[in-house]
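Peer 1: Below: one structure in C-alpha cells.
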Amino acid sequence: MSMYHELMNIYYRMYEHFGPRHWWPADTPFEVVVGAILTQGVAWRNVEQAIRNLKQAGLLDLAAIARASHDELAGLIRPARYYNMKAKKLQAFCRYVMDNYGGSLERFFARDLWPLREELLGIYGIGQETADSILLYAAEKPIFVVDAYTKRIFSRLGMVDADIQYHQLQRFFMDHIPPDVELYNEYHAQIDAVGNRYCAAKRPSCGECPLRPLCAFSKGLTNA
Ligand code: SF4
C-alpha cells in the first residue's frame, strides 16, 4: 500500500468513527484567529468563555482590539489563562494588520501561502502551530496543521519517530497527501478527536480507538 493510501485509510477510519467535525468552531475568520491565539496551552472550553466575553463587550473585532486598553482586554480573556501575555499577542496581531493592511484581514490573507506564513511567524506570539491554524482555518490555505496529538498518534502507529520535529511532521503529510483545504481541515480535526478522546499520553483508551487495528503501540510493538 502506498503512503498516500495508508494515510487515507487512517483518515477514513477516523471519519467513519467520529463523523464530520465542522472545524473550526467560529463564526468568522477573525474569530478563528482569536481562538487560535487564545487556545495556546489551554483546553478549548477555556477559550469559549473568553470569546463570549469579547463578543458581549463588542470587542470581537480587529480594530476594536487594536485600540482597546491592555487591562480591559486582559480582563475579558481571563478564562483563557495566561491572559496578560495573550492580550499582548492579540493586540500585536490586530495592530500589525491595522498598520500594514488597513485593518483588512481579507487583504492580508490574499497573500500567497508561504510568504503569508513567514509574515505570521514574524508577529509577536505567533508560533508554527498557531500560524498554520490561522492559515488553514481562517485564510483557507492548503497547509497541514500538526500538533502534539499528531506526533503522539503517528509515532504510536509506527509511522514517524517519536522525536520528529514540527516541520518534518508537517512535510510528511504534505509530501503524501495532495494539497486540499477541505481534506486538511477535516484530517487535523479527526486527529484532534483521537488525541482528545482516546490517545492520552498515559494509559490511552486503545479499546475504543478506531486506529487500534493499525497501531503498533496498542500491540506492544513500540514504546512511543
Ligand atoms: S490504538 Fe491506542 S495508542 Fe494507538 S492511536 Fe489509538 S489510542 Fe493511541
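The values are calculated or read from the model by the stated rules, or taken from the named source; none is laboratory data. These figures come from a predicted structure and were not determined experimentally. A quick note on method: Cβ atoms are made from the backbone with ideal geometry, for glycine too, and the neighbour counts reach across all protein chains shown. With ligands, DNA and RNA removed, areas are computed over all heavy atoms of the protein, side chains included. Shrake-Rupley method; radii C 1.70, N 1.55, O 1.52, S 1.80 Å.
Peer 1: Shape verdict for the stretch 19-119, please, from the Cα gyration tensor: rounded (a/c under 1.5), prolate (a/b greater than b/c) or oblate.
Peer 2: Here the stretch 19-119 falls in the oblate category.
Peer 1: Do any trypsin sites (Lys or Arg not before Pro) in the stretch 93-144 lie in a DSSP loop with no more than 16 other beta carbon atoms within 10 Å, and if so, which?
Peer 2: The qualifying sites are R111.
Peer 1: If the only charges are +1 at each Lys and Arg Cβ and -1 at each Asp and Glu Cβ, what is the size of the charge dipole of the stretch 29-138 around the Cα centre, to the nearest 20 debye?
Peer 2: Roughly 360 debye, rounded to the nearest 20.
Peer 1: About its Cα centre, how strong a charge dipole does the chain have in debye, to the nearest 20, once Lys and Arg get +1 and Asp and Glu get -1 at the Cβ?
Peer 2: That gives the chain a dipole magnitude of about 840 debye.
Peer 1: Which value, in debye to the nearest 20, gives the size of the charge dipole of the stretch 121-189 about its Cα centre, when Lys and Arg are +1 and Asp and Glu are -1 at the Cβ?
Peer 2: In total the dipole reaches around 180 debye.
Peer 1: Work out how much length W44 to H5 would gain on full extension: take 0.36 nm times their residue separation and subtract the Cα-Cα distance, in nm to one decimal.
Peer 2: Between W44 and H5, full extension yields an extra 10.9 nm.
Peer 1: Let me ask another. So, for the chain, what is the accessible surface per residue at a probe of 1.4 Å, expressed in square angstrom?
Peer 2: With the other protein chains kept in place, the chain gives 49 Å² per residue.
Peer 1: Right, another one. Just want the answer: with Cβ charges of +1 for Lys and Arg and -1 for Asp and Glu, which residue in A63, L105, Q190 is farthest toward the dipole's positive end in the chain?
Peer 2: Checking the options against the dipole of the chain, the answer is Q190.
Peer 1: At a probe radius of 1.4 Å, what is the per-residue accessible area of F172, in Å² to the nearest 10?
Peer 2: Around 30 Å² of this residue is reachable by solvent.
Peer 1: Which of the aspartates and glutamates could be linked to K86 by a straight reach, that is with a Cα gap under 16 Å, when you skip same-chain ones fewer than 8 residues away?
Peer 2: By straight Cα distance, K86 reaches E31, E48, D61, D71, E72, E129.
Peer 1: State the percentage of accessible surface on the chain attributable to carbon and sulfur atoms; use a 1.4 Å probe and exclude ligands, DNA and RNA.
Peer 2: Ligands and nucleic acids excluded, carbon and sulfur give 47 percent.
Peer 1: Which value at 222 nm does the chain reach when only helices count, each DSSP H run of 4 or more adding -39,500 (n - 2.57), with the total divided by all residues and rounded to the nearest 500 deg cm²/dmol?
Peer 2: That calculation yields -17000 deg cm²/dmol at 222 nm.
Peer 1: Which of rounded, prolate, oblate describes the chain, given a ≥ b ≥ c as roots of the alpha-carbon gyration tensor eigenvalues and a/c under 1.5 marking rounded, otherwise prolate only if a/b is larger than b/c?
Peer 2: prolate
Peer 1: Below 16 Å, Cα to Cα, which lysines can K202 reach? Residues fewer than 8 away in the same chain don't count.
Peer 2: Within reach: K151, K219.
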